[in-house]
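Below is one structure, written out as structure tokens; comments come after it.
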Amino acid sequence: MAIRERLSGNEAVATAMKQINPDVVAAYPITPSTEIPQYFSNFVSNGSVTTEFIAVESEHSAMSACIGAAAAGARVMSATSSQGLAYMFEMLYIASGMRMPLTLIVANRALSAPINIHNDHSDSMGARDSGFIQLYCENNQEAYDNAIMGVKIAEKAKLPVMVCYDGFITSHSVENISLMENEEVKKFIGKYLPDEYLLDLDKNISMGPLAMQEVYFDKRAELSDAMEKAKDIICKVSKEFEEITGRKYDLYEKYRLDDAEYGIIVLNSTAGTAKDVIDELRENGIKAGLLKPRCFRPLPFTEIPNELKHLKSLAILDKSDSVNGYSGPLFSEITSAMFTQNVNVPTVNYIYGLGGMDVTTYDIKNVFKDLQDIAKEGKIDKVKRFLKYNKEVD
């Protein structure tokens with residue numbers, strides 16, 4: 001039976017971690033993810049979990065400890081944000097290269113400088129090629145659900161998973177959510193039984209050895225192949241989750257997109273704002289729609305373009321910027337996939353919300369207004385645009 005609760009995103013994720021009861025959690029505090037290890041340390045101290053909690057001296061050490069624990073055969077979780085994720089950068093590649101099935105929660109926050117503690121996606125997007133599966137969450141419910149699914153996905157794919165949601169917007173806002181029963185969570189994720197681990201006395205192995213050119217090349221190719229195969233694993237785990245909870249998750253979500261003329265693609269909490277705008281536009285006869293990627297790594301590059309080919313125009317919104325690049329990362333990757341599959345839709349890129357800049361319904365209305373103009377005129381004057389209107393559209 002579902003348990004109705006009112007929790008912030010960080011509380012919801014910490015509750016998921018309590019229900020998962022991982023063997024090891026290693027973490028170092030950084031805003032806005034600090035509350036996660038704080039809440040979880042209370043569960044450790046009051047005996048709600050049997051987890052070994054390691055308070056380390058830095059985020060680099062946190063990921064190092066997680067890798068060591070995972071290599072020893074433990075179920076492992078951690079949490080971080082922003083500069084903390086950047087400080088882990090070296091170890092992220094080691095975690096994926098060693099095929100460590102650990103779960104990392106990221107409360108997305110802008111990277112310095114200048115110093116900023118508010119939300120954008122520059123931290124997780126900076127780590128998009130590190131070999132982590134990346135799941136993005138619109139709200140507290142999705143953060144809770146993906147934290148639980150992430151553990152099972154990681155262990156089946158033998159890849160680390162990053163669960164990302166918007167700092168402060170999701171991490172600190174309180175919403176009504178539905179929790180699973182403790183026993184349901186335990187049954188869903190099952191007992192962790194790794195195939196290979198360093199403390200297996202019956203099978204001697206080494207991890208992280210020197211690899212010369214041919215071996216290194218092959219291992220990186222295997223990692224890429226594992227990431228591609230992870231799409232099927234994500235779908236299967238999500239289907240199992242739906243059967244238990246009734247909550248449906250795919251690689252991406254469509255909202256009023258099938259008959260839309262104008263579409264936008266956006267990650268995380270801004271999708272909720274966009275849905276409200278789309279409903280209002282629909283009432284006025286404007287066929288607007290949304291595609292929200294849940295899974296950015298592995299990118300559903302064969303599936304997404306097929307959902308877009310009927311549109312008259314498309315906007316892809318990035319909450320991070322590839323500085324001096326042609327566009328933001330979400331735009332670059334999706335339009336590349338569209339090009340290779342001969343999906344030709346006039347498409348523009350909006351960089352928005354950097355450093356926590358508010359994104360209002362008026363901003364999204366402006367985007368759809370631009371899309372109508374693009375469809376009518378049949379041309380795009382500027383592909384990459386910075387969205388900072390904050391004014392009402394007539």
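The values are calculated or read from the model by the stated rules, or taken from the named source; none is laboratory data. No experiment lies behind these values; they were computed from the predicted model shown. In this analysis, Cβ positions are derived from the backbone assuming ideal geometry, glycine residues included, and neighbour counts consider all displayed protein chains.
Scan the stretch 84-116 for residues that are touching a residue at least 24 places away in the same chain (Cβ under 8 Å) and not in a helix (DSSP H, G or I) and report the count. Write out each step before concluding.
Within the stretch 84-116, the subset touching a residue at least 24 places away in the same chain (Cβ under 8 Å) is 84-112, 116.
Keeping just the survivors that are not in a helix (DSSP H, G or I) gives 88, 98-112, 116.
Number of matching residues: 17.
With (1) out of contact with any Gly (no Cβ under 8 Å at 6 or more places or on another chain); (2) of a type in the set (F, W, Y); (3) farther than 22 Å from L135 by Cβ as the list, and F188 as the residue in question, which single condition is left unmet?
(3)
Does G73 satisfy the criteria of being assigned by TED's automatic domain parsing to the domain that holds L201, in a loop (DSSP other than H, G, I, E, B), surrounded by fewer than 19 Cβ atoms within 10 Å (Cβ to Cβ) and free of Cβ contacts under 8 Å to residues at least 24 places away in the same chain? Steps first, answer last, please.
Working: assigned by TED's automatic domain parsing to the domain that holds L201: yes; in a loop (DSSP other than H, G, I, E, B): yes; surrounded by fewer than 19 Cβ atoms within 10 Å (Cβ to Cβ): yes; free of Cβ contacts under 8 Å to residues at least 24 places away in the same chain: no.
No: the conditions fail for G73.
Would you check if I30 is touching a Gly at 6+ places or on another chain (Cβ under 7 Å) and either of a type in the set (G, A, S) or closer than 22 Å to S320 by Cα (or both)? Show your work before the answer.
Values: touching a Gly at 6+ places or on another chain (Cβ under 7 Å): yes; either of a type in the set (G, A, S) or closer than 22 Å to S320 by Cα (or both): yes.
Yes; evaluated as a whole, the condition is true for this residue.
Among the hydroxyl-bearing types (S, T, Y), surrounded by 16 or more Cβ atoms within 10 Å (Cβ to Cβ) and more than 22 Å from the chain's Cα centre (by Cα): which single residue out of Y262, Y255, Y249 fits that description? Explain how you work it out, then say what you get.
Working: Y255 fails: more than 22 Å from the chain's Cα centre (by Cα); Y249 fails: more than 22 Å from the chain's Cα centre (by Cα).
Matching residue, one of Y262, Y255, Y249: Y262.
Among the β-branched types (V, I, T) and either in contact with a strand residue (DSSP E or B) (Cβ under 8 Å, 6 or more places away or on another chain) or closer than 16 Å to G167 by Cα (or both): which single residue out of T80, T50 fits that description? If you could, list the steps in order and put the result at the bottom.
On the way: T50 fails: either in contact with a strand residue (DSSP E or B) (Cβ under 8 Å, 6 or more places away or on another chain) or closer than 16 Å to G167 by Cα (or both).
The unique qualifying residue is T80.
Looking at (1) part of a loop (DSSP other than H, G, I, E, B); (2) farther than 23 Å from I380 by Cβ, which one does D276 not meet, given that it meets all the others?
In the conditions (1) part of a loop (DSSP other than H, G, I, E, B); (2) farther than 23 Å from I380 by Cβ, D276 misses (1) alone.
Given the criterion within 25 Å of I20 (Cα to Cα) and under 27 Å from the mean Cα position of the chain (by Cα), identify the matching residue among E183, E228.
Numbers: E228 fails: within 25 Å of I20 (Cα to Cα).
The match here is E183.
All but one of (1) of a type in the set (S, T, N, Q); (2) surrounded by fewer than 17 Cβ atoms within 10 Å (Cβ to Cβ); (3) at pLDDT 95 or above hold for N324; which doesn't?
So the condition that N324 fails would be (3).
Looking only at the stretch 191-219, count how many residues are part of a helix (DSSP H, G or I) and free of Cβ contacts under 8 Å to residues at least 40 places away in the same chain.
Step one: of the stretch 191-219, the residues part of a helix (DSSP H, G or I) are 213-219.
Narrowing further to those that are free of Cβ contacts under 8 Å to residues at least 40 places away in the same chain: 213-218.
Within the stretch 191-219, residues that are part of a helix (DSSP H, G or I) and free of Cβ contacts under 8 Å to residues at least 40 places away in the same chain number 6.
For residues in the stretch 336-378 being basic (K, R) and touching a residue at least 24 places away in the same chain (Cβ under 8 Å), which is nearest to H121 (Cα to Cα)? Steps first, please.
Let us first name the residues in the stretch 336-378 that are basic (K, R), namely 365, 369, 376.
Next, only the ones that are touching a residue at least 24 places away in the same chain (Cβ under 8 Å) stay: 365, 369.
Values: K365: 22, K369: 25 Å.
The residue in question is K365.
Restricting to the stretch 38-59, what's the tally of residues that are within 25 Å of the chain's Cα centre (by Cα) and either closer than 16 Å to F132 by Cα or of a type in the set (D, E, K, R) (or both)?
Looking only at that region, the number is 1.
Scan the stretch 219-253 for residues that are closer than 14 Å to E303 by Cα and among the acidic types (D, E) and jot them down.
Answer for the stretch 219-253, where residues must be closer than 14 Å to E303 by Cα and among the acidic types (D, E): E228, D232, D250, E253.
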